[in-house]
Amino acid sequence: MASTTQCLASLARLSLRAPARPMAISTIPNFLLPSVATPLVRYASKKSSGGNNNMRKRVVKKKKAYKTFRSYDMTNMDQYSLCDAMRYLRAFEVGSPPTSVKYEVAVKLKTQKNGPVLRNRIRLPFPVKTDTRIAVICPEDSPLALEAQQLGAVAVGEESLFEAIRQGNIQFNKLICHKESEAALKKANVGKLLGPKGLMPSAKTKTLTTDLKGTMQEMIGADEFRERNGVVRLAIGQLGFTPQMLSDNLKAFMGQVKTDMNQIDDSHVKLLDEVVLSSTSGPGFSLNGKFNPSGESLEIGDLESVM
Amino acid sequence: MLTLQKLLTIRNGPGAAILPPDVTRIHMEFAMRMNDGHMGPRKFWRDNLPRLKFWNPAVPMIVNRVKDQSGPATMSIYIRDADADADADANTDVPLSTPTPNSSTTGHSTAPPPAKGERVEVISMKDMHSDTILASLISKTKAVPVLPTPQEQIQMEELENLRQQADVDRARVWKRVEAAKKEAAMMAAARDEAASLKAAM
């Protein structure tokens, strides 16, 4: 019964103990007094050799260090086909200029945190950048004009474009002329306006061309992408793109990512985890790899209208 | 959960309506900022137009925002008439289709002229509330509002319950945090008082 005696002894000590000296009677309650004024009662403890040993040492649990980025279970994830995701994103971005708003893609990888990262340049089939604003001189409302517009030209036409230039309404910084419209360009007499700006199309600067696609793509250049925190992000299209254009861009990009993944040495395996499509101010949609709309209420042609 | 909520709110709510097939395009023109009666159109564009666009993905909805704050705010609804052929013979200079401009923030995408067989219904949106704009759009086009499906109704109820529970929880936590703050303030004040007393001694 050692514990009882110990308890009794401590009780006895409490009752018998007299203060070392009478305390000054003050109006301030005891607990509010500064700690120096209250008489400290110390009991013997096992560790009494100075310092702050009565503070219990907190055991800080060491976090488990993961070597790979976290990847989640995707079984309950809502995933969308490209056209369904585009329908939502076009609704979220309604009324915004279709060349400045972009579709963006984030490719999440199953990969280690250390080791080499994916980093490359890609020339997409339909260029996305808009800081180069290209105007194309070609016959009005021709298939060429349509092609130029789909490739991202900001202004297309013949007489309408010349008229805009004469009025000083120049919204482009690159000008291309198709060979078919060469005569019209010479007749239009805009050399004095375009020459000082360095915009006058000529064969010497390769801006007088028959291959609109090649010339425009050369002007726009390539996009750079790199992996950060296990995710590769890239602007994949303009809001005005058709589903087919976006799909082509996405396929080209995914192909490039896959070849890059395979080129990395065997000790650092990278696998595809998730592909998420979003837009400049829209939510993200996890893609399921399909293209066609899932319901009957939507047709692909619906997503080709002007934004 | 948040994405679900976002998608639910774009499918349902004011503006979720299916336009009849004779509506070919919608053009809106208003100023960049809300001053001088441009708040209603702005709100309509932000709150209701995405829903309308979701349910009518094929209909071009063009927003042309201009710098001039004092200008008009108009909505042009292009409707293809059923008896288009009869009108078409009357004036042959009207083109079969007119190009629809892209949305613009520089005011360059003015409303296109109506094509052959199209008529334009114009709503002057200046000083109008977005709800009034929506109501007049629906009455002029005879659009059919979309109601949530039973499944969506259940999801919306779940989200609403979550929201209400969040309010309750927030109040509870706020109470606790306030009490802790009050006690800390009292202790600090008392400590200050004690320190000043000690300094005076």
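Can you give the FRET efficiency for A:Ala164 and A:Ala106, using 1/(1 + (r/R0)^6), R0 = 56 Å, r = Cβ-Cβ distance, to the nearest 0.05?
Step by step, r from the Cβ atoms, then E = 0.90.
Which one of B:Tyr78, B:Leu134, B:Ala171 has its Cα pushed farthest toward the positive end of the charge dipole of chain B, where Lys and Arg give +1 and Asp and Glu give -1 at the Cβ?
B:Ala171
If you count, for every residue in B:51-58, the Cβ atoms of partner chains within 10 Å of its Cβ, what is the mean?
Averaged over the peptide's residues, the number is 6.
Tell me, in nm to one decimal, what length is gained between A:Thr132 and A:Asn229 on full extension, where the rule is 0.36 nm per residue of separation less the Cα-Cα distance?
31.9 nm
With only Lys, Arg, Asp and Glu charged, each at its Cβ (+1 for the first two, -1 for the last two), find how big the charge dipole of the protein assembly as shown is about the Cα centre; round to the nearest 20 debye.
4880
Can you pull the three principal axis extents for the Cα set of the range B:148-201, in Å, largest first?
Largest first, the range B:148-201 extends 77, 11, 7 Å along its Cα principal axes.
Using the charge dipole of the protein assembly as shown (Lys, Arg: +1 at Cβ; Asp, Glu: -1 at Cβ; taken about the Cα centre), state which of A:Gly191, A:Ala135, A:Ile236 has its Cα farthest towards the positive end.
Of the candidates, A:Ile236 comes out farthest on the positive side.
Go through the range B:98-106 residue by residue and turn each phi into a ³J(HN,Hα) via Karplus (6.51, -1.76, 1.60, θ = phi - 60°); whole Hz please, and just put x for glycine and proline.
Values per residue, Gly and Pro as x: 10, x, 8, x, 6, 4, 9, 10, 10 Hz.
Out of residues 5 or more away from A:Phe285 or on other chains, whose amide H comes under 5 Å of its own, with H placed 1.01 Å from N in the peptide plane?
A:Leu277, A:Ser278
List the chymotrypsin sites (Phe, Trp or Tyr not before Pro) within the range A:225-258 that fall in a DSSP loop (any state other than H, G, I, E or B) and whose Cβ has at most 14 other Cβ atoms within 10 Å.
Those that pass, being in a loop and sparsely packed, number zero.
In sequence order, what are the phi-derived ³J(HN,Hα) couplings for the range B:55-63 according to the Karplus relation 6.51 cos²θ - 1.76 cosθ + 1.60 with θ = phi - 60°, rounded to whole Hz, with x for glycine and proline?
For the range B:55-63, the Karplus-derived couplings read 7, 10, x, 7, 7, x, 10, 9, 10 Hz, x marking Gly and Pro.
Just add up the charged neighbours of A:Ala235: K/R +1, D/E -1, any other residue whose Cβ is under 10 Å from the Cβ of A:Ala235.
Numbers: positive: A:Lys102, A:Lys129, A:Arg233; negative: A:Glu104, A:Asp223.
Cβ neighbours under 10 Å give a net charge of +1.
Once you have a ≥ b ≥ c as the square roots of the Cα gyration tensor eigenvalues for the range A:148-198, tell me rounded if a/c is under 1.5, and otherwise prolate or oblate according to whether a/b is larger than b/c.
It is oblate, given that a/c is not under 1.5 and a/b is not larger than b/c.
Report ³J(HN,Hα) in whole Hz for each residue of the range B:171-181, in order, from the Karplus equation J = 6.51 cos²θ - 1.76 cosθ + 1.60 where θ = phi - 60°; Gly and Pro get x.
Values, residue by residue: 4, 5, 5, 4, 4, 5, 5, 4, 4, 4, 5 Hz.
Quick one, what does Rg over Rh come out to for the protein assembly as shown if you take C-alpha atoms and the Kirkwood Rh?
1.20
What net charge do the residues around B:Met125 carry, taking every other residue with its C-beta under 13 Å from that of B:Met125, with Lys and Arg at +1 and Asp and Glu at -1?
0
Quick one: angle between helix B:130-141 and the longest Cα principal axis of chain B, in degrees between 0 and 90, rounded to 10, please.
30
Measure nothing but the geometry: give the 0 to 90° angle between the long axis through the Cα atoms of B:2-11 and the longest principal axis through the Cα atoms of chain B, rounded to 10°.
Roughly 30 degrees, rounded to the nearest 10.
How many percent of DSSP beta bridges within the range B:1-154 run antiparallel, rounded to 5?
If I count the DSSP bridges inside the range B:1-154, around 70 percent turn out antiparallel.
Going by amide H atoms built from the backbone, whose H comes under 5 Å of the H on A:Leu175, apart from near neighbours?
Amide H to amide H, under 5 Å and 5 or more residues apart or across chains, A:Leu175 pairs with A:Ala135.
Have a look at B:Met75, B:Met32, B:Met125 and tell me which one the Gaussian network model of chain B (Cα, springs below 10 Å) gives the largest fluctuation.
B:Met32
Tell me, what does the Kirkwood hydrodynamic radius of the range A:134-219 come to in angstroms if you use every pair of distinct C-alpha atoms?
With all distinct Cα pairs of the range A:134-219 included, I get 12.5 Å.
Report the local net charge at B:Asp169: Lys and Arg +1, Asp and Glu -1, summed over other residues whose C-beta lies under 12 Å from its C-beta.
Neighbour charge sum, excluding B:Asp169 itself: +4.
How shielded is A:82-95 by partner chains, expressed as the average number of their Cβ atoms within 10 Å of its Cβ atoms?
Partner-chain Cβ atoms within 10 Å, mean over residues of A:82-95: 5.
With the alpha-carbon atoms as the only input, what is the per residue convex hull volume for the range A:163-307 in Å³?
Hull volume normalised by residue count: 194 Å³.
For the range A:174-307, what is the charge dipole size about the Cα centre, in debye to the nearest 20, if Lys and Arg each add +1 at the Cβ and Asp and Glu each add -1 at the Cβ?
Details: 16 positive and 17 negative charges, 208 e Å.
So the dipole magnitude of the range A:174-307 works out to roughly 1000 debye.
Build a GNM of chain B with springs between Cα atoms under 10 Å: which of B:Pro99, B:Pro148, B:Pro112 gets the top mean-square fluctuation?
B:Pro99
Taking only the Cα atoms of the range B:14-146, how large is their convex hull per residue, in Å³? Kindly include the intermediate steps, with their values, before the conclusion.
Values: hull volume 13.5 nm³, N = 133.
Considering the Cα atoms of the range B:14-146, their hull volume per residue is 101 Å³.
Lysine pairs in chain B with alpha-carbon atoms under 28 Å apart, 8 or more places apart or on different chains: how many are there?
Summing the qualifying lysine pairs gives 20.
For the protein assembly as shown, give me the percentage of DSSP beta bridges that are antiparallel, rounded to the nearest 5 percent.
70
Which residue, B:Val144, A:Val107, A:Ser247, has the largest displacement toward the positive end of the dipole of the protein assembly as shown when charges sit on each Cβ (Lys, Arg +1; Asp, Glu -1)?
A:Val107
No value in this document is a laboratory result; all are computed from the given coordinates. Since the structure is predicted, the reported quantities are computational estimates derived from the model, not experimental observations. Note that each Cβ is placed from the backbone with ideal geometry, even for glycine, and that neighbours are counted across all protein chains shown.
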